[in-house]
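A short worksheet on the structure shown next.
What follows is calculated from the coordinates using simple rules that are stated; it is not laboratory data. If you're wondering where the values come from, they're calculated on a predicted model, not measured in any experiment. All Cβ positions, glycine included, derive from the backbone under ideal geometry; neighbour counts span all protein chains shown.
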Amino acid sequence: MKTTRQAVAFIPNNESRSARRQRHQLQDQAVAGQPVPLWKKLGLLAGDEEGLGQPRRQQPFGSHSFRGPHRLHPAPHRASTMTFAAAYPFITESGLGHEGTYIGTDVFGSGAFSYDPWVLYDKGVISGPSIVVIGTVGTGKSMCGKSFVARSITLGRKAAVASDPKGEWVPVAHAVGGKVISVGPGRATRVNPLDAGPRSRDLSNAQWQAVVRQRRRQLLVALVSLMRQGVPMHPVEHTALDMALTDAVAANATPTLPMVLEYLLNPSPEARELVGPDGGRAVAHSLRRTVSGDLEGMFDAPSTVSFDADAPMMVMDTSALIGASEQALSLAAACGATWLEAAITNPDGGKRIVVYDEGWRMLADPYMLVKMSEQWRLARTYGIANLLIMHKVADLNEIGDSTSGHRQKALGLLTEADTRIIYRQKHDSMRLTKDALGLTEAECEQVEELPKGMGLWKVGNRSFIVANQVTSEELDVFGTDTRMTQ
């Protein structure tokens, strides 16, 4: 078999033309199998074979030299930072910086991980301050949300929990010096959902009255729709409700639900002439449950408490409604959320975290979904950061199928959140989680194997595996499985 020998040497960067010709001759002779004089191999002058002459180059050609006719041009390689971090451990994510609330340890970066939605928004890392936390039961998602909120309060932020269905945020509020408003059967607290709330100094009298009227009207329509299980109101019923609200406000600047109900059952002469004697009677019977049904004694009287805008944390405790019907829970959530919204959407209220725990229930409520969508869009205007906590994306299947407009709107809240925190998920729910939150295959593999207390943080276009760190004192306040461990 005929073989061909190859002469390989590296080309010097400052090679002259005559040196290049000589190198080519040496290569041709080596390929042809002709002997090459030693003095040529060593780059010496003729007659200096004994090494007495001066070398023409400091690094002569030879089989052991690192010079030859081919320059090295490594092919470019492109990969994500996660791939490089795994392939080359000395390359890691630089992190989000030290500003913000301490969360825990960046597992891959081996440093402290801090987070603040307002700081990151100012830096352009995220385009919105909304946050979504997802994790199955017992993975540490609630601990993450509580530690983030409580520690943010120590840095000057404020917090509000729209509805606490299990009472888990009550000890947190007490620990940080906040206030709790408990509503439910047998409780002495009364909350009037038609309260105007604190007024923004940027609005004129006419503008403020229009805002309050629109808020009250939306609540009344939502309550009637909830009682009718989504059956729309007729135009004459809308007119009757508007007239009743107008008459109630004329009689009392701060009306209550019983006042509106009274004007629906006994309309004024102007309303009777416009809608007829029975135009608002069907609406009245739908609204009656809020004052004499499951919610009697909770939202049917002037407020006995007020929203303290200066308190570090406000919690609406609805744990007394455990076991109530779905309609009662929806009615209570609508009344409480509207009252709370009137207080937290004041631009003068400072930076505040608004918590929506048990988010799957609120997303299933059409009225709450509309309110949450508004706060998602106006979060930057009001200076609030929405924190939605839920178990898994698959919970949205209970709202409707993939063609349901309600489900698509709820899914939009998850996708629009620029900060997504994912704790361990089961394998059968990972496909929906991947599609909804934009996870990569590598991230899905990580999420399925995450231990308790460790989550994947997707902040903008950057990803981190973070181990949440809590102290023993915090664990006593934040823990939700105390009875299981005692």
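Within the set of other residues whose C-beta is less than 14 Å from the C-beta of ASP116, count the net charge using Lys and Arg as +1 and Asp and Glu as -1.
That works out to +3.
Distance from the C-alpha centroid of segment 238-257 to that of segment 310-368: 24 Å, rounded to the whole angstrom.
Remark: THR415, THR189 ranked as THR415, THR189, counting other beta-carbon atoms within 10 Å and listing the fewest first. Across segment 206-218, computed HN-Hα scalar couplings (Karplus, 6.51 cos²θ - 1.76 cosθ + 1.60, θ = phi - 60°) run 5, 5, 5, 4, 5, 5, 5, 5, 5, 5, 5, 5, 4 Hz from first to last residue, x flagging Gly and Pro. Look at TRP457, TRP339 and count the other Cβ atoms within 10 Å of each Cβ; fewest to most, that gives TRP457, TRP339.
Annotation: peptides 418-424, 253-259, 138-144, ranked by per-residue average of other Cβ atoms within 10 Å with the highest first, follow the order 418-424, 138-144, 253-259.
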